[in-house]
Every structure is written in C-alpha cells, then in structure tokens.
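The structure appears below as structure tokens.
No value in this document is a laboratory result; all are computed from the given coordinates. Not measured: the values here are computed from a predicted model. FYI the Cβ positions are ideal-geometry reconstructions off the backbone, even for glycines, and counts take in every protein chain you see.
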Amino acid sequence: MEANKLLFVVERDVRLFFQYKFLIIMRAIWFVSQIALFGIIASRLVAVPDYFPYYVSGLSVMSLYSAAIFIGFDIYEEAEHGVFEYLLSLPVSRRQLVLGRSIGGGLRAFIYVGPLIAVSLYVIGAVNPLNFLLALFSLFLFAFGVSGFSITVAVMIKSSDRFDILMGVLDALIVRLSTAMYPLAYVTQANPLYGWIANFNPVTFASDLFRWGTGIEAIITLNNPLLPLLGVMLFFGVFMFLGTMIYDRRIEGGGWQ
Amino acid sequence: MAPIIRITDLTKKFGNVTAVDHLNLEVEEGEILGLLGPNGAGKTTTILMLATVIRPTDGTATVGEYDIRKNPEKVRGLLGIAFQEPKMLWVSTPWDIVNWHAKVCGLSTEERKRRVKEVLESLEMWEARHRNVHALSGGMRKRVEMAKVLIQRPKIAIVDEPTAQIDIVGKHRIWNMLTELRDEGSTIILATNELYEADVLSDRVGIIHRGKMLVCDTPKKLKDSILGGDIIDIQLEEAASPDIFQELKKFKDVVDVLQLKPFNLRIYLNKVEEVIPKIVNMLTKKDSPIVSLRMTEPSLDDVFVHYTGLTIEEAQKSGE
C-alpha cells in the first residue's frame, strides 16, 4: 500500500503534465522546427562532419532537460492555488510525496521526450541496441536528476518570476557550456575554461552517452562511456537527495507559505 | 468514552500575529462540532494544524490516539478535509481530482468507481466530470472539493465553509450528505461563519473569536445561556393594565416586560416553554383576552453577540 502511494504521487505528476496540451504541442512544434529548419540549415554552415545527426541528438537531450525542469513551475502553480496544502493533508508521508514528485517530474519528461527521441533515432539512423539501452538508462537518470535540480531551486527561491528568470539564465549557461550543440574540442578551442566546465556538465554526459548509444560517437571520440555514466549517476544521486531533503525541510518549516 | 480529538493549548503565531491563541477543545466521536466565527477568527489555522499541514507554535492535539506533533502521518490517515477554497489546478478535471483522491486514500478500485459516480451524481457534477476546472463556476468547484470528503468517508471529516458559494438547494443537499456521513460513523468538524448552518447541523457549537475559543456547547444550551434571551410578543384585545404589568414581572423567569404599544407587550424571559402556560393562565384569569402570541428563541447570532459584543458581520469587519 505504501509503495502504491508513491506510485500514485508519480502518476499524478505524469497525468498533470499531459493536461498542459498547449505547452506539449508547442514544444513538439518547436522541436520539429529546430530539426527541420535550424538543424538542416546550420549543418550546411558548420564544418563538423555529420553535424546534423549530432545536433538532433543534442536537441533531444536539451528537450529532455527543458521538460524535466517543468516540475519546478508546477510547484509554484500549486503554491499559488493552495494545492500544496491539499497535498500535505493527504495520508502520504512527506518522503513519499517528495520522492514521488522527483520521480514523476523525471518520468513525465522522459515519456514526453520519448517520441522526440524516436524522431531523432529515425533521423540519425543506425542504432546499437545494447549501447542504446545503456544510453536510455542514463537519460532516465539524467531526467530524474534535472527534476530534483528543478525542485531544489524552486523551493529555495520563493518568487516564481525569479525562478523563471534564473532558470532561463541557468538554461543558457548549462546548455551552452555543454556538448549538446557542439563537440567538446570546439568548446575547448574557444576557451579552455569553457571546455573544462563542459567536461563536468551533466548535459554533456547525457548528450555524449546518447550519441554513443545511437552510434554517432565517432565525431565526439567518446573513449570511455563509463565516465559520463558515472557523471550522470552522480548528478542524479546528488539532486534527488538534495531536492528531496530541501523540499522536505521547506515543507516542515512551512517555507511554502 | 475518550474524545476523538483533544486540543490542548494549541497556539499558532505568524510573526507578531497570534492566529490561534491557547485553544482548548474536545471533540466527541460521532458528533458534528461547529466552529463558528468570522473570517480571520482562526478556524482555518486550527484546521490546518489538526491536519498537520502547519506546525503549531505551541500546544498540541491528539487525533484518535495520535499526537499531531509526534505522529503526523497516522493523524492524516484518520482525516479528510474539504478546504474553504477549492484546492485544484485549473487544468485538472473533477473526475481526475476525485478519482486520484480516492486512490490515495486507499479505496479499492471497485469501491472507488462506485463512490465517485454516486457522489458526483448526487452533487450534480457527473455531467461536468470531464470539464476543466477553469470552466467550472465557483459553486461547482466547491462541490468538487466537498466530493473528496464524501467519497473518502474518513473517520474524521473536516469541512471548512462547505456551502459557501453554493445555492440553497445545493446547501440542503450537502447538509443532508454531511448528516448521513455522521450517521455512518464519521466525526465532523464544521468550520463556518454561517449561523444557520452551524445551528441546523451541529451537535455542539464552539465560538471562536480572535483565535480564542470563547464557549462550546449544544446550540440549545448556548441559546439558553443568554438570560432573557427568549421573547414573547403578545397582542391583547384591550390595553394592558398596570396590574397585568406587575403580575408578569413577578414570574421567576421573566427578565423584563416592555409595552411596545397600548395593546402590545414584549416579554424577555428564560425557559419560554415552561413559563408560557402560566402567562396565558394569568391573562385569562385577569379577563384580558389574547389576540395573538408569538414566541422567539434567541438565535446563534444573539449568542455570538452575547459572547463577543459584536454581530458576526461586525466581527468580520473588525477582523479584516
């Protein structure tokens, strides 16, 4: 029964996300436009060989990141509509509630991006099934980690406007200082500090693993997939733990009021 | 039998504002306890503390056998709440809301389906079950909020202004459903600022004002506690003589007698049901026929004025 309650919390967040039909449709249109317009045009400008599939795979990870961030906005929405009080009054433990939300936030992002990943795979072509499964697993962890990260930031910042602006800035920094859109060698070439930061960026880990899994790792020269895998696992562990802990403390301290 | 809820010195401060001030109260199992007070009196804060949503600054309460500070999860397992403001995101539908609520509260699939349909139908929300919340009126949203508790049938149901924004037919329907819920074994805490609602539904009424519990008893006893609270208006065939005036004042439970017009008397008294035959008898003996006689009991409004010195409207304004 207790495990069921955790699943119900997860289920709620997943179902809720898919109620935002307008957002989902617009995001999907944005994703397809990015591929059909920006990807095709930019790949003609860039000297990197096979940049188009490279970009498409990076775009999938970026979309996953954006969708997993959305749970933070839900938290503000709930505080505004008083739904938080309702959730806190339910016969569900605080831990179940917090953990369920982190998992739900990641899972729904993954479900949403799933079809987009399928589009990516169709565009990219070749797939090594075993590598792909491992890459998919790492994307799962990445999505949960981003969800925990979003919850952590959302409960630390009381204003939804500030959260919105901060996430925009973080998105710009985290995504741009990663290998989502360009290979690491080019980032390092531009500035060694950028390259160093990109090396430890979870978006880099997820993007590299996805490309490795889908068989286009040649252009990123990923020698050892274990390192980004460990990186993703660490990111997941830290933010699931941190998000859970901080959310839990804020709830108990009445910080949502 | 031990009370199902025992509140001891419960206090909540928000900064310098004391929302609930050393509140003490016992709620018996199976009763409907009305918490009567204007907005801002501390009813909702008390409810949120009982539901372990917010922590008390001081004092505590036991719900069932569990302390709200030590066993909040166990406490929440006994409770079901219908909030004052419907708590729902605008993209949700009534069906999603109540169905998910029933799941989390542990109802089996079969029972859940049956009860969700039954309650939504009786609240006339079945047709609108798949409409988004933003398309519903305030009253419909309130009904969805109430549906959660009615489907859950918790051991202790807390309903905060359950019929606000609901039309008179809907009010009666909800009152009947709350009475049924009580009859099926639930204990109900009804927070309200509607005097009539508190009067007709509650087995006992507690008056809260500025975070303090002023008095708590049955509506009858609260009304009887006002000396001279009962009123009899008598119209006589002829003008009342001074002799009748004096005789009336001699009755033990008569507090005051006023002559509104030459033929009209107003008598303030206690225990109207015991005194009235004696008055009628006296007037008959004095050969002073009665044209009409009207009895008025004090309302909870009078009780509220008696204990707070303000009408509930005045208290509401002073609390804003």
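Some notes on this structure:
- Fewest-first ranking of B:E85, A:E85, B:E111, using other Cβ atoms within 10 Å as the exposure measure: B:E111, B:E85, A:E85
- Interatomic Cα distance distribution for chain B, bins of 20 angstrom, percent: 29, 46, 21, 4
- Pairs of Cα atoms farther than 38 Å apart, the protein assembly as shown, %: 47 percent
- The range B:5-223: relative contact order as a whole-number percent, Cα under 8 Å and 6+ apart: 30 percent
- Relative exposure of B:V144, A:V14, judged by other C-beta atoms within 10 Å (fewest first): A:V14, B:V144
- Check: chain A dipole with +1 on Lys, Arg Cβ and -1 on Asp, Glu Cβ, in debye: 80 debye
- On the basis of the beta-carbon distance and an R0 of 60 Å, A:I197 and A:R15 show a calculated FRET efficiency of 0.95.
- Bridging of B:K148 to lysines at a Cα separation below 18 Å is possible for A:K5, B:K87, B:K103, B:K113, B:K117, B:K171, once same-chain residues fewer than 8 apart are set aside.
- Over all pairs of different C-alpha atoms in the range B:138-246, the reciprocal of the mean inverse distance, the Kirkwood hydrodynamic radius, equals 16.7 Å.
- Charge dipole (the protein assembly as shown, unit charges on Cβ, about Cα centre) - positive-most of A:V175, A:I165, B:N71: A:V175
- Residue-normalised convex hull volume from the C-alpha trace of the range B:23-119: 146 Å³ per residue.
- The packing ranking, built from the mean of other Cβ atoms within 10 Å per residue, places the peptides B:295-302, B:44-51, A:187-194 in the order B:44-51, B:295-302, A:187-194, highest first.
- For chain A, calculated [θ]222 nm from helices alone, where every DSSP H run of n ≥ 4 adds -39500 (n - 2.57): -26500 deg cm²/dmol
- Computed from label points 7 Å out along Cα-Cβ, the spacing between B:H130 and B:T311 is 4.9 nm.
- For the pair the range B:1-25 and the range A:46-110, the centres of their Cα atoms are 39 angstrom apart.
- Unit charges at the beta carbon, dipole of the protein assembly as shown: most positive-side option, A:I71, B:A315, A:F110: A:F110
- Mean-position separation - Cα centroids, the range B:251-317 and the range B:61-113, in angstrom: 47 Å
- Ellipsoid semi-axes in whole angstrom, largest first, where each is sqrt(5λ) of the Cα gyration tensor of chain A: 33, 18, 18
- Span-rule helices in chain A, defined as complete DSSP H runs reaching 24 Å or more along the axis (Cα) with Kyte mean at least -0.5: A:51-81, A:94-124, A:129-156, A:226-252
- Ordering B:T44, B:C105, B:L293 by Cα displacement along the dipole of the protein assembly as shown toward the positive end leaves B:C105 in first place; charges were set at the Cβ atoms of Lys, Arg (+1) and Asp, Glu (-1).
- Placing +1 on each Lys and Arg Cβ and -1 on each Asp and Glu Cβ, with no other charges, gives the range B:5-223 a dipole about its Cα centre of roughly 500 debye.
- Among B:D243, B:D203, A:D208, the order by Cβ neighbours within 10 angstrom, fewest to most, reads B:D243, B:D203, A:D208.
- Fraction of the pair-distance distribution of the range A:122-191 above 18 Å, Cα-Cα pairs, percent: 60 percent
- The base-10 log of I(q)/I(0) for the range B:205-320, evaluated at q = 0.23 Å⁻¹, reads -1.20 [Debye formula, identical scatterers on Cα atoms, solvent excluded].
- Put a plus charge on the Cβ of each Lys and Arg, a minus charge on the Cβ of each Asp and Glu, and nothing anywhere else: the dipole of the range B:199-283 about its Cα centre is then about 480 debye.
- Of all DSSP beta bridges in the protein assembly as shown, antiparallel share, percent nearest 5: 65 percent
- Span-rule helices in chain B, defined as complete DSSP H runs reaching 18 Å or more along the axis (Cα) with Kyte mean at least -1.0: B:138-152, B:168-183, B:272-285
- Label-point separation in nm, B:K278 to B:K221, each point 7 Å along Cα→Cβ: 2.4 nm
- Of A:G148, A:G195, A:G105, the one that fluctuates the most in a GNM where chain A has Cα springs shorter than 10 Å: A:G195
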